[in-house]
Structure formats: C-alpha cells, structure tokens
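The values are calculated or read from the model by the stated rules, or taken from the named source; none is laboratory data. The model shown is predicted, which means the values in this text are computed figures rather than measured ones. When we count neighbours, we look across all protein chains shown, and the Cβ atoms used for this are built from the backbone with ideal geometry, even at glycine. Calculation scope for accessible area: heavy atoms of the full protein, side chains included, ligands and nucleic acids excluded. Shrake-Rupley method; radii C 1.70, N 1.55, O 1.52, S 1.80 Å.
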Amino acid sequence: MASLFRLPAAELTTSCRPIFLPGEVERCLLPGVDLESDGSDRPTPLLPFQSSLLVLTSHRLVFIDEASASALEISLPSIIHIYPLKKSMSIRSMFASPRVAISNDGTISEKGTKSTVITLVMRGKNMDPDVFYGRFMEVIRAREWELTASANQGNTGLEGSSSGTRVNDLKITMPVVGVSGILRKEQESWESTDKSLQDAFQDLNALMSKAKEMVQLAEKMRQKLLATGSNSQSNSNDEETVSKQDMQDWLLIVGIASPVTKETAGALYHQQLSRQLADFVKVPLEKAGGMITLVDVYCLFNRARGTELISPEDLLQACALWEKFDVPVMLRKFDSGVKVIQNKTHSDDEVFARISSLAQKPDALRKGISPSDAAFTLGIAPALAKEHLLSAENRGLLCRDVSAEGLRFYINLFNEIDSANIYLIKSHGLLNAWVLATTVSC
Amino acid sequence: MQKLGEFKLPPFFNYPPYFTLQPVKETREKQVQLWKDLILDFCKNQKIFVISLEEDFSLFSNPAIERSLSHEAKVVFLSALVNDGRAEWMDKGHKKCLILWLRIQDWADYILRFVRDNGLEDGVMTVEDIRSGFETRGTELAGIDRGVLIRALKLLEQKGKAVIFKGSSADDEGVKFSA
C-alpha cells in the first residue's frame with residue numbers, strides 16, 4: 001500500500017485494532033475515509049489512502065486499512081490547523097462527501113519543514129460528520145497527550161526539554177491533614193461533580209435543540225417519502241425527481257435509521273467489538289490451555305470493560321463476525337450445546353491423544369476416568385473436560401460407564417474383543433493390559 | 001476365570017462399560033453383538049429357554065464389579081435376538097422372552113438325526129419321553145421346552161417326517177417318526 005507523505009505507520013494487533021499508547025483512549029470511529037494530499041507532494045504524486053477506517057483517539061488519528069492489515073497515523077500534536085467542515089447545502093450535493101482539511105507542522109513531510117494540508121474525505125454513510133468534527137475539536141482542545149507525556153516524565157524522572165515545566169501544573173498539593181483536609185477534599189469533589197454536571201447539561205441542552213431540528217427534519221422526510229411512494233415509476237426528469245432510495249439514504253446520513261436497512265446501522269460497532277474481543281481473549285485462552293467456555297469469556301470481558309457492558313447477544317454476534325475476518329480464534333459449538341472459544345490452531349487430535357494415554361494408565365483401567373479426573377490431569381475446566389471426554393467417546397476412543405458413582409469413561413476395549421473368540425486375550429494388546437491391571441487388585 | 005454355574009464367563013464380563021448401554025453407534029453394535037452371543041451361549045449351556053424380565057437373570061448382573069444391566073438395555077439386547085430370529089417375545093408387554101439357542105428348524109433337524117442315529121424310525125414316542133425319557137438323556141433334547149418341542153415336531157410333520165397324534169391320557173401326545 002503506497003503511503004502518503006510517508007506518514008508514520010501505526011501498530012496494529014492481530015485483529016486490526018490499534019495498539020494504544022499509555023493513557024490513550026478511543027474517542028470516535030469513522031468508516032470509509034479517504035486521505036487526499038494537497039498536491040505539495042509533487043513532482044512524484046503518491047496515491048491517496050482510500051476507504052480506511054479512521055480511529056480518532058485522544059492522542060492520534062489512526063487510519064486502518066483492514067484489507068492489508070496496515071495503518072497510518074497522524075499524531076494530534078503535529079496538527080497546526082483544522083479547516084472548517086465543508087459541506088455544500090444544496091440538495092443534490094448533499095451527497096458529496098464532507099471534508100476536513102488539516103495542516104501538519106511538516107514533521108511528516110519528506111521534504112522538510114513545510115506544512116502540508118491533508119484532506120479527510122468522509123465517504124461512509126452511517127456516521128454524521130458533524131459529530132466527528134465536534135469530537136475532533138474537543139480532543140484537540142483537551143490536549144490529553146500532554147497529560148500523559150508529563151505524567152511519564154514525572155514518573156521516570158527523565159529530563160524533559162521545554163515541556164519539563166508542565167509537570168508542576170498537575171500536582172497541586174495542599175495540606176490534607178486533619179478534619180480540614182477531609183472537608184477540603186469533600187469540597188473539591190463536590191465542585192468537580194458540579195462542574196461536570198454543568199458540562200453535561202450544556203451538552204444536553206445542545207442535544208435537545210438539535211433533537212427538535214432532527215424531529216422536524218425527519219417529519220419532512222417522512223412526508224416526502226410517503227408522497228413519492230404513492231407515485232408511479234415515472235422518472236422522466238431525474239434532475240428534479242428524488243427517488244425513494246435517495247430519501248432513505250438521507251435519513252441514514254442524519255442518523256435516523258430507516259425501517260428497511262435497520263441491520264446495517266450499528267454494523268461498525270459490532271465489527272470493532274468483534275476485533276477487540278479477539279484481542280482480549282488471547283491471554284485467558286493461554287491460561288486456560290487453548291479453550292474457554294463462552295460463559296467464562298462473557299464474565300471476563302465485561303469485568304475488564306467495567307462500564308459499557310455488552311449483552312450476551314452482542315458477544316455472540318461479535319464471535320460470529322470472526323468468520324468474516326482473519327483472527328486467530330474461533331467459536332465452536334459442541335453437540336451438547338456448550339459453546340467455546342478456541343484457538344484456530346487448537347487440535348482435537350492432540351487432546352484425544354492425551355486422553356487416550358490417560359485412560360490407559362493402570363488406575364484408569366481399573367476405575368475409569370470421571371470428568372473431574374480429566375479436568376485435573378489435563379489442566380482445564382471440568383465442563384470442558386466433559387466435552388472432550390464426550391467427543392472422545394464419539395470417536396470410539398472411550399466407552400461410558402453409568403453407575404451409582406456417576407458417569408465415568410474407560411478406554412474402549414470393545415474393539416479389542418474378537419467376537420469369534422471371546423476368550424482370547426492377545427499377549428501384548430490393550431485387553432491384556434486391562435486384564436493385568438484389573439486382576440492385580442482382585 | 002469367572003464362572004456362573006458351569007458356564008465360563010468371558011474376560012470382558014468384568015468390564016464395567018459392558019453393562020452400560022453405549023450411545024455411540026459403532027460401539028453399541030459391537031456391544032449388542034457380544035451380548036447376543038453371550039445370552040445364546042449361556043442359555044444353551046444352562047438349558048434356559050425363557051428369560052423373564054420381571055425376575056433377576058444371573059447373566060444380567062455382575063456383583064464383582066457391582067454393575068447390572070438396566071431394563072432398557074435388557075430389552076435392547078433381547079429385541080436384537082428377536083430380530084435375528086433367535087428369540088421370540090412370548091407376550092405383548094415384552095416381559096417374557098423365549099430363547100431359541102437352536103432355531104426351531106435346527107431342533108427339527110436335531111430330532112431327525114437323533115431318531116436316525118438311534119434307529120427310532122417307525123417307532124412311537126410320547127412327547128414326554130422325548131423331553132425326559134431315558135433315550136434322550138445326555139442329549140440336547142433332555143429338558144427341552146415343551147412348546148419348542150411341539151413346534152419342532154409340527155415342522156417335521158409338515159415335511160412328512162413325523163405324525164403327531166393324541167395319546168391315551170388327556171395331556172400327552174405321541175409322535176410316530178417315519179424314515
């Protein structure tokens with residue numbers, strides 16, 4: 001993938017999610033973004049980056065090309081100017097993609113310190129560009145990358161350059177002893193709560209006024225939609241006739257899902273969740289020996305997320321999406337209905353080999369294996385151990401024994417018995433081993 | 001080697017899964033085959049003709065390993081014998097099963113061979129004689145189930161090898177064999 005201005009490459013996980021810097025938080029996702037240069041990369045113009053997934057974080061803009069699993073980044077500190085969002089207001093060109101031009105401080109240009117303008121062309125249909133723009137401005141204003149930088153410097157004791165003086169801004173220490181200290185702390189927390197409530201309400205006010213506009217717009221659209229729906233297919237003059245499809249697309253752009261395409265709204269959320277889940281699940285999988293029940297993943301994942309919990313349906317959908325992209329994990333359903341997540345490299349045969357050898361030990365020959373025995377020896381959860389034993393039974397490796405002691409499994413000796421000669425025990429076979437193990441105890 | 005009466009039990013009789021109905025098809029087929037053969041061998045050895053599911057049957061449990069066949073398992077194995085023509089249900093409720101460790105046809109052949117070997121053609125014997133009389137002592141015919149015997153004789157009658165007729169007493173029947 002040819003890169004623009006040799007923008008620095010961003011690191012991705014194996015599931016095409018960005019690897020975040022310490023303290024970096026994701027703020028907004030926008031699919032279908034093209035990058036265009038301003039032409040100052042001539043005389044050798046480079047191809048623009050197309051149709052990438054833009055991830056806005058508190059520190060960077062990351063452009064991910066999922067097809068090639070590569071990404072580029074623009075660090076926010078290097079942006080010196082953001083041009084206003086360009087959208088034409090005439091009805092036809094409402095389709096032209098909104099653009100945001102940002103000029104960099106030239107650190108990324110191969111030609112030196114000249115500043116360059118990069119245009120982000122938003123072709124994705126499902127996201128309101130105004131929302132992105134708003135978030136973008138917020139993030140630039142917040143300058144969170146400075147907080148992290150100074151925190152790091154404070155921690156490691158490195159000599160900073162000019163930003164060394166910022167360390168003190170954050171650490172406002174005042175005496176906190178005694179009752180006055182407690183009171184002061186309470187006061188501070190009350191004040192900060194108050195402030196954030198105010199901010200929130202401001203946002204809410206803005207939201208409410210927008211909402212009114214939205215509702216009016218939606219009503220107008222709906223009227224138009226109903227009106228055109230009852231017309232026949234006469235499209236004599238397509239410059240003026242607005243088709244029903246256009247109407248539905250407009251509704252999507254302003255963020256109102258139309259009844260027909262409800263499934264596509266939110267598709268991006270599931271995709272990103274799916275990738276995030278694939279990354280998260282790696283460590284627990286290692287610990288659990290390559291296979292973990294879906295229920296366990298649900299608990300672990302939600303616990304890690306803290307807030308913004310996901311529902312079981314979301315989890316299932318996220319796993320189902322794995323088939324569509326190249327991640328090293330997969331969802332698997334056993335005959336009993338138990339669902340697990342396992343590494344694609346997981347080999348059933350390897351597990352069966354271990355079970356088989358466990359079942360041929362003298363103790364197992366005498367008394368069989370219970371699911372908890374297998375769990376203990378194989379180092380996996382009892383529910384999974386039972387699944388493995390059942391699978392081994394299905395393969396003809398084991399036989400079940402149901403008794404007052406419960407369900408146990410023995411190595412399958414039926415195959416060793418010659419029906420024509422039922423008293424025969426070959427001297428070096430499995431049957432012989434079993435006879436030896438069992439007669440000793442008798 | 002374990003024994004049940006005079007019968008030598010095979011080694012796998014002590015294998016606990018042998019007494020649990022196996023769910024996996026191939027394993028089940030092998031298990032059923034072993035049980036069918038074992039039931040026939042045991043019944044032949046012990047001269048057992050009827051297995052009643054309402055009573056304990058010594059072959060169906062192994063106290064040494066504390067395992068017994070479930071009712072379902074017994075029905076499965078006996079039904080398999082019925083399907084093979086080696087057994088018959090005696091009642092609609094499938095509570096009693098007649099075990100034909102020799103088929104009726106085999107019995108008929110056996111009787112015929114016995115008659116020839118002992119020069120009893122053109123002779124007359126009562127059914128009871130055949131079952132418990134002196135001549136048949138030590139042969140398979142000793143202690144044969146009465147119903148089975150009658151059916152075998154009837155088969156011979158159809159082939160023209162014997163004639164059954166009512167005897168002097170009300171219950172007893174006689175048979176005249178022909179060469």
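Would you call B:Pro17 under 21 Å from A:Asp401 (Cβ atoms) and assigned to a loop (DSSP other than H, G, I, E, B)? So B:Pro17 fails the test.
Residue-level check: of (1) open to solvent by less than 10 Å² (accessible area, probe 1.4 Å); (2) over 21 Å from the mean Cα position of the chain (by Cα), B:Val163 misses just (1).
Listed here are the strands (runs of 3 or more DSSP E) enclosed by region A:1-73 that have at least 3 residues being surrounded by fewer than 17 Cβ atoms within 10 Å (Cβ to Cβ), at pLDDT 70 or above and not assigned by the TED database to the domain that holds A:Gly134, and there are none.
Please determine whether any residue of region A:317-340 is touching a residue at least 40 places away in the same chain (Cβ under 8 Å) and within 14 Å of chain B (Cβ to nearest Cβ). Yes, some residue in region A:317-340 is touching a residue at least 40 places away in the same chain (Cβ under 8 Å) and within 14 Å of chain B (Cβ to nearest Cβ). Cβ-Cβ contacts under 9 Å between residues 6 or more apart (or on different chains), taken from a first residue in region A:286-297 that is in the same structural domain as A:Met330 (by the TED database) to a second residue that is among the basic types (Lys, Arg) and open to solvent by less than 60 Å² (accessible area, probe 1.4 Å), are listed as A:Met291/A:Arg332.
Of the residues making up region A:316-323, not a single one is surrounded by fewer than 16 Cβ atoms within 10 Å (Cβ to Cβ), under 29 Å from A:Leu407 (Cα atoms) and among the acidic types (Asp, Glu).
Entry remark, region A:380-425: residues being of a type in the set (D, E, K, R) and more than 42 Å from the chain's Cα centre (by Cα) number 4 in total. Applying the selection to region B:4-14, what residues are in a helix (DSSP H, G or I) and either more than 7 Å from chain A (Cβ to nearest Cβ) or open to solvent by 10 Å² or more (accessible area, probe 1.4 Å) (or both)? The answer is B:Pro11, B:Phe13, B:Asn14. Within region A:379-408, can you find the residues that are loosely packed, with under 15 Cβ neighbours inside 10 Å, more than 10 Å from chain B (Cβ to nearest Cβ) and in contact with a Ser or Thr (Cβ under 9 Å, 6 or more places away or on another chain)? Of everything in region A:379-408, those that are loosely packed, with under 15 Cβ neighbours inside 10 Å, more than 10 Å from chain B (Cβ to nearest Cβ) and in contact with a Ser or Thr (Cβ under 9 Å, 6 or more places away or on another chain) turn out to be A:Pro382, A:Gly406.
Regarding B:Leu69, is this residue without any contact (Cβ under 8 Å) to a residue 60 or more places away in the chain and either buried (at least 20 other Cβ atoms within 10 Å of the Cβ) or basic (Lys, Arg) (or both)? Taking the combined requirement at face value, the residue satisfies it. Annotation note: of A:Ser427, A:Ser372, the sole residue that is small (Gly, Ala, Ser), modelled with pLDDT of 90 or more and surrounded by fewer than 19 Cβ atoms within 10 Å (Cβ to Cβ) is A:Ser372.
The residues on offer are B:Val82, B:Val76, B:Val32, and the sole one that is away from chain A (no Cβ under 14 Å), outside any strand (DSSP E or B), modelled with pLDDT of 90 or more and farther than 28 Å from B:Ile150 by Cα is B:Val76.
The single condition from (1) part of a loop (DSSP other than H, G, I, E, B); (2) of a type outside the set (Ser, Thr, Tyr); (3) surrounded by fewer than 19 Cβ atoms within 10 Å (Cβ to Cβ) that B:Gln22 fails is (3).
Can you find a residue in region B:37-49 that is free of Cβ contacts under 8 Å to residues at least 24 places away in the same chain, facing chain A (nearest Cβ under 8 Å), closer than 30 Å to A:Asp363 by Cβ and open to solvent by less than 70 Å² (accessible area, probe 1.4 Å)? The answer is no; no qualifying residue exists. When region A:209-223 is filtered for residues that are under 20 Å from A:Glu138 (Cβ atoms) and under 31 Å from the mean Cα position of the chain (by Cα), the ones remaining, listed by number, are A:Lys210, A:Ala211.
Residues are listed down the side, and each one gets a yes or a no for (1) within 18 Å of B:Cys43 (Cβ to Cβ); (2) part of a helix (DSSP H, G or I):
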position: B:Leu112; (1), (2): no, yes
position: B:Glu121; (1), (2): no, no
position: B:Met125; (1), (2): no, no
position: B:Ile144; (1), (2): yes, no
position: B:Gly147; (1), (2): yes, yes
position: B:Glu157; (1), (2): no, yes
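Scan B:Leu112, B:Leu81 and give me the residue that is more than 30 Å from B:Phe57 (Cα to Cα) and open to solvent by less than 50 Å² (accessible area, probe 1.4 Å). On inspection, the qualifying residue turns out to be B:Leu112. For region A:409-424, the candidate set comprises residues that are more than 7 Å from chain B (Cβ to nearest Cβ) and open to solvent by less than 30 Å² (accessible area, probe 1.4 Å); within that set, the residue that is nearest to A:Leu390 (Cα to Cα) is A:Phe409.
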